[in-house]
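Trainee: For reference, the structure I am asking about is given below.
The values are calculated or read from the model by the stated rules, or taken from the named source; none is laboratory data. Every value quoted in this text rests on a predicted model; they were computed, and no experiment measured them. Don't worry about glycine lacking a Cβ; one is built from the backbone with ideal geometry, like all the others, and counts go over all protein chains shown.
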Amino acid sequence: MSTELPNAATQALAAHYQQILQGLGENPEREGLLDTPKRAAKAMQYLCNGYQKSLQEVVNGALFESDNDEMVIVRDIELYSLCEHHLLPFIGKAHVAYIPTGKVLGLSKVARIVDMFARRLQIQENLTRQIAEAVQEVTQAAGVAVVIEAKHMCMMMRGVEKQNSVMSSSVMLGAFRESCNTRHEFLQLIHRSN
Ligand SMILES: [Zn+2]
């Protein structure tokens, strides 16, 4: 057992998890479940810690002057989120591109922006848009493109139980929206085989 004292929010959540266990017909007093409410509370707080972060904090000044005006692509960013309808995970990959106009973003920051929004309760379409708009806001790029491909546990483990369906969503801003060529270049680059 951990000796650190859980904070009030964790304690309140843990009490709710205890009731959830009871509601599911379990006995929260049995040995295997004794610490489960607290562990579940902490896990959920971690998975939703994006609420505690701001764009400014995440970027933390990692914007660099650059003459580069070619497309910057960050492919295959691992993505773990929770669907707001069922509180079940959806997991997949995000691909983010932008066309700089004097400023480029530190590479790890793109992934951190993805995480900040993914670690909230989401639907995939909104998540895609929030990432695109955040990258746009920070970089003032000539265009931003975001594609997310994800598998939703709420589809795979329940409901239609489609094991292999991948949901794809995209948001194109600026040059990616206006120019077919730019959009195609991006889509080709993210889908080329390794
Ligand atoms: Zn769902």
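Trainee: What is the residue count in the range 57-84 for residues that are within 14 Å of Lys109 (Cβ to Cβ) and assigned to a strand (DSSP E or B)?
Mentor: 5
Trainee: Going residue by residue through the range 173-194, is there one that turns out to be basic (Lys, Arg) and in a helix (DSSP H, G or I)?
Mentor: yes
Trainee: Where residues in the range 121-157 are assigned to a strand (DSSP E or B) and charged (D, E, K, R), which of them is surrounded by the most Cβ atoms within 10 Å (Cβ to Cβ)?
Mentor: Restricting to residues being assigned to a strand (DSSP E or B) and charged (D, E, K, R), the top hit is Glu149.
Trainee: Glu65 - would you say it is modelled with pLDDT of 95 or more, within 28 Å of Gln188 (Cα to Cα) and exposed (fewer than 15 other Cβ atoms within 10 Å of the Cβ)?
Mentor: Details: modelled with pLDDT of 95 or more: no; within 28 Å of Gln188 (Cα to Cα): yes; exposed (fewer than 15 other Cβ atoms within 10 Å of the Cβ): yes.
No, not satisfied.
Trainee: Mind listing whichever residues of the range 64-95 are within 16 Å of the ligand (Cβ to nearest atom) and under 12 Å from the mean Cα position of the chain (by Cα)?
Mentor: Leu79, Tyr80, Ser81, Leu82, Cys83, Pro89, Phe90, Ile91, Gly92
Trainee: I would also like to ask the following. Where residues in the range 1-24 are over 20 Å from Leu88 (Cα atoms) and not in a helix (DSSP H, G or I), which of them is modelled with the highest pLDDT?
Mentor: The extreme case among them is Asn7.
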